[in-house]
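The values are calculated or read from the model by the stated rules, or taken from the named source; none is laboratory data. Owing to the predicted nature of the structure, the values given are computational and were not obtained by experimental measurement. With ideal geometry, Cβ positions are generated from the backbone for all residues, glycine too; neighbour counts draw on all protein chains shown.
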Amino acid sequence: MIENLLALSIATAVLVAIPGPNVALIVANSLRFGLRDGAVTVLGTTLGVALQLVLVVLGMTALIEFAAGALAWVRWAGVAYLIYLGVRTWLQSAEDLGNIGPKPAVFWRACMIATSNPKTLLFNAAFLPQFLATGAGAGQFLSIAAVFLTVLLLGDLLWAAFASSARRALISYGRLRNRLTGAFLVAAGIGLALSRRQ
């Protein structure tokens, strides 16, 4: 069991190091709003993935297939919204970072983007069972899911911290910061658009 959890931790860390739509959103929010909202974004994306894992842990294959299909319209709404935010941010004039307060919608937006990605739902349904011992019960699956979410959370917090430190370096370059943030938001939208069911 310990070997499986270690292997899962390493594999998950590698996955977190490869940016996808969630990481692009985390970086964009950290660049624009700072570490606090970057961390809130991470909590939102982690909750979104956790909601997907509920289906995986319950082992409802037919429900997973149905949910992946049903999320298509939500995913496209998320794609449109991310691209809209990216273009709007790209075109904005430079702002005084001291005037940017926390945005309450950041958490729920991140949760919606993470939950609506059918590719991660189906990937996690195939990925996590590989780390279960033969004949494992639901308890072991819950342990696997908890380790996966913990590594995901910590890795995404590192992305937020990295982007937040870059934000401090860009304080005097407001227009460039807006363009980088806008580019990451559009990239998150494109990444979500390209995440199709396999």
Exercise for review: Given the conditions (1) at pLDDT below 80; (2) loosely packed, with under 13 Cβ neighbours inside 10 Å; (3) among the β-branched types (V, I, T), report the number of the one that V56 does not fulfil.
Suggested key: (2)
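Take the range 14-42 and flag every residue that is of a type in the set (D, E, K, R) and over 15 Å from L85 (Cβ atoms).
Passing the criteria: only R36.
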Review point. Is one or more of the residues making up the range 113-130 modelled with pLDDT of 85 or more, closer than 30 Å to L31 by Cβ and part of a helix (DSSP H, G or I)?
Key: yes
Review point. From the list L15, L47, L51, which residue is over 18 Å from A188 (Cβ atoms) and surrounded by fewer than 24 Cβ atoms within 10 Å (Cβ to Cβ)?
Key: L51
Study note, to complete from the structure: Inside the range 24-43, the number of residues satisfying the requirement of being surrounded by fewer than 24 Cβ atoms within 10 Å (Cβ to Cβ), modelled with pLDDT under 90 and within 11 Å of the chain's Cα centre (by Cα) is 0
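One line per residue, one yes/no per condition, for (1) modelled with pLDDT under 75; (2) in a helix (DSSP H, G or I); (3) within 15 Å of the chain's Cα centre (by Cα):
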residue: L8; (1), (2), (3): no, yes, no
residue: N22; (1), (2), (3): no, yes, yes
residue: T45; (1), (2), (3): no, yes, yes
residue: G69; (1), (2), (3): yes, yes, no
Review point. Mind checking which residues of the range 179-198 are in contact with a Lys or Arg (Cβ under 8 Å, 6 or more places away or on another chain) and either closer than 21 Å to R36 by Cα or at pLDDT 80 or above (or both)?
Key: T181, G182
Exercise for review: Have a look at R167, R88 and point out the one that is exposed (fewer than 15 other Cβ atoms within 10 Å of the Cβ), modelled with pLDDT of 75 or more and part of a helix (DSSP H, G or I).
Suggested key: R88
